[in-house]
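Accompanying notes for the structure given below.
The values are calculated or read from the model by the stated rules, or taken from the named source; none is laboratory data. Because the structure is predicted, anything quoted here is derived from the model rather than measured. When we count neighbours, we look across all protein chains shown, and the Cβ atoms used for this are built from the backbone with ideal geometry, even at glycine. Accessible surface is based on the protein model in full, side chains and every heavy atom, while ligands, DNA and RNA are left aside. Shrake-Rupley method; radii C 1.70, N 1.55, O 1.52, S 1.80 Å.
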Amino acid sequence: MAIAIISDIHANLEALEAVFKYIDAYDIDTIYCLGDIVGYGPNPNECVGLIRDRCDAVIMGNHDYAAIGLANIEYFNEYAKMSTYWTIENLSEDNLKYLRGLPFSHQTDKLVFVHSSPSKPSSWYYVLSVQDARIEMQSFEEHICFIGHSHVPVVFTGQNFNRETTQKLQSNRKYIINVGSVGQPRDGNPNTCFTVFDEEKSTVQFVRLEYDIDATYEKIVKAGLPLFLAERLLKGY
Ligand code: ZN
């Protein structure tokens, strides 16, 4: 049984459609979304619509939280602030209502899903180092905690990190796995990113796919969103 975990879509419809096309072509029976469906990108309503239709569980991200007016956006940079105001203006009432109902975490027998960090999912901490991961691991008992938020795909144990595309996991170890970003990768690779976890084989794979970045670029410009938000997609930063 394979699970797809997607995160940080950021209203990038072309990237999200490429991800679902892949998911439909492979043997994936469950899809989880770790939040930040909206913010930065030009298609918030379309992306919320697809996520609502397709995902088995959806978690609140800090940009979703900002779009419903609950996040303190003082700490957002100017691009994030501008795109938050744009998103609030453009989201339908029905989609805003949907975002208001999102939980901060989801759990199964052996897995935990949050947007930012397992210790305080609504405080939007970043897990960026092995040391961060070691501290965060004290807050859950399950085998794996899947996270998003930094937009950089990586597997953390309490001792090290690994960024290889496909990795074999050990069933007696704890992991924190950042699944990468669908709509705004920041690891120097512009291809959309998400994660497939195969529970039987105990493997995790970071899937990278090309998508029509030029189309997203043009939509960002046309929407009057900051040019920087289009430019960064070209290089993945
Ligand atoms: Zn994000």
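Label sites at GLN170 and ASP94, each approximated as a point 7 angstrom past Cα along Cα to Cβ, lie 5.0 nm apart. Share of carbon and sulfur in the accessible area of region 10-103 stands at 46%, probe radius 1.4 Å. Of all beta bridges that DSSP places with both ends in the chain, some 60 percent have antiparallel geometry. For the chain, the Stokes-Einstein estimate of translational diffusion at 25 °C and a viscosity of 0.890 mPa s comes to 140 µm²/s, using the Kirkwood hydrodynamic radius over alpha-carbon pairs. Cross-link partners of LYS174 among lysines, defined as those whose alpha carbon lies under 19 angstrom from its own and excluding same-chain residues fewer than eight positions apart: LYS110, LYS120, LYS201.
Work out the P(r) tail for region 98-237: percent of alpha carbon pairs separated by more than 26 Å, whole number. Of all Cα-Cα pairs in region 98-237, 29 percent lie more than 26 Å apart. Peptides 164-172, 118-126, 13-21, 80-88 ranked from most to least packed, by the mean per-residue count of other Cβ atoms within 10 Å: 13-21, 80-88, 118-126, 164-172.
Label separation (ASP56 vs GLU141): 2.2 nm, computed from points 7 Å beyond Cα along the C-beta direction. Dimensions of region 29-125 based on its C-alpha atoms, expressed as ranges along the principal axes with the largest first, amount to 40, 29, 18 Å.
Considering all alpha-carbon pairs of region 82-151, what whole percent are spaced by more than 14 angstrom?
On the way: 1586 of 2415 pairs.
Cα-Cα pairs of region 82-151 separated by over 14 Å account for 66 percent.
For the chain, averaging the sequence separation of C-alpha pairs within contact (under 8 Å, six or more residues apart) and dividing by the residue count gives a relative contact order of 23 percent.
Hey, what's the chain come to in accessible area per residue, 1.4 Å probe, Å²? Show your work: numbers first, answer last.
Working: 10520 Å² over 237 residues.
Per residue, the chain has an accessible area of 44 Å².
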